[in-house]
Amino acid sequence: MRRPGTRSWSQLKVGLVILLALAGVLVAILNLNEGLGVLTHRVTLRAELDDSQGLKVGAPVRMSGVSVGNVKRIAINGRLGKVDVEFTVINEVRALLHQDAVVVVRAMGLLGDKYLEILPGNPGQPLLPVGTILTGRSETDITSVAGNANDTLAVVNRTLQEIQGIVAGLREGKGTAGKLLTDVELYDHSRQLVEKITAISEQTSHLLTRLERGEGTLGKLLTERTLYDRANAALDELQRLSVSLNKPDGSLGRLARDPALYQRLDSVTSKGDALVSKVERGEGTLGKLITQDDLYRRAEKVLTEVEALLADVKKNPARYFKFSVF
């Protein structure tokens, strides 16, 4: 028969073993939940996001694909209207973050849960100061892509419908392009126009060939040096003539510089204007001849009478002329 003290010690040992086993299970559960050892020293960081995109408390925090912490708290910042995310990382990761470090909400798969990715920043930048709130951004997930794809498909569908309408109009002969495709007469006119343009192009090419060979007046002008020299000589002669006319002792020079000659020419012009004015007013014989109809009628009457007299003389010469022999 066992003593009571021996049984109590055995039960105590069994109880200690069970407690240790429970502690081991608890540590294992915590290790699975946290993604790292429960005894590892960690620091808490904060970030601000415009949209959490379904990020949940307890979601893993990763850097370069390695789990380095977990999300502890997600709340709306009432003052800024942004999402405050509080998360923990191991102490070694904190020492790798720089001033331009950011966090990104990413999906584990196409339709999987979200996790927080840390981008440590440029190594050339200073280290992240203590208490700094990291800037966060959200990457486009499959839901956003699907929404944008629906809008894009709607635009594509409308475009296809418009293209179908255009094609139908072309088949019915609507518009210039439709008539060009369906109207035989318009097609014939277009073909004739193309043929005329081709003929004009060939004629132009032939003309250019003749010019290059020096045929015709223009061709000789372009190719023959003699004609160019003659034209240049004529220009020289004109230039010398212009110089001689501009000399002070020349007629043109005197006309331009001698006031007396200019005054005489002006006097002659004035007298001519006065004479023309008198004629227009009917003054003088010439003026009356031009402006008065009486003189014209009298002259016409005299001419008529002379013509009648000549006709009568031709008809009855004996009335006006008498001939006798001795």
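The values are calculated or read from the model by the stated rules, or taken from the named source; none is laboratory data. Predicted, not measured: the structure shown is a model, and the values here were computed from it. Please note: Cβ atoms are built from the backbone with ideal geometry, for glycine as well, and neighbour counts cover all protein chains shown.
Can you name the residue in the stretch 42-80 that is in a strand (DSSP E or B) and of a type in the set (S, T, N, Q) and is also nearest to ALA95 (Cα to Cα) among such residues? Within the stretch 42-80, the match that is nearest to ALA95 (Cα to Cα) is THR44.
For ASN77, indicate whether it is within 27 Å of GLY24 (Cβ to Cβ) and surrounded by fewer than 17 Cβ atoms within 10 Å (Cβ to Cβ). First the steps, then the outcome.
Values: within 27 Å of GLY24 (Cβ to Cβ): no; surrounded by fewer than 17 Cβ atoms within 10 Å (Cβ to Cβ): yes.
Taking the combined requirement at face value, the residue does not satisfy it.
Hey, can you tell me all the residues within the stretch 105-133 that are among the β-branched types (Val, Ile, Thr), surrounded by fewer than 16 Cβ atoms within 10 Å (Cβ to Cβ) and either in contact with an Asp or Glu (Cβ under 9 Å, 6 or more places away or on another chain) or at pLDDT 90 or above (or both)? The answer is ILE133, and nothing else. Within the option set LEU261, LEU241, LEU255, being modelled with pLDDT of 65 or more and either surrounded by 10 or more Cβ atoms within 10 Å (Cβ to Cβ) or closer than 30 Å to GLY214 by Cα (or both) holds for one residue only, LEU241. The condition of being touching an Asp or Glu at 6+ places or on another chain (Cβ under 8 Å) and at pLDDT below 75 holds for GLY287.
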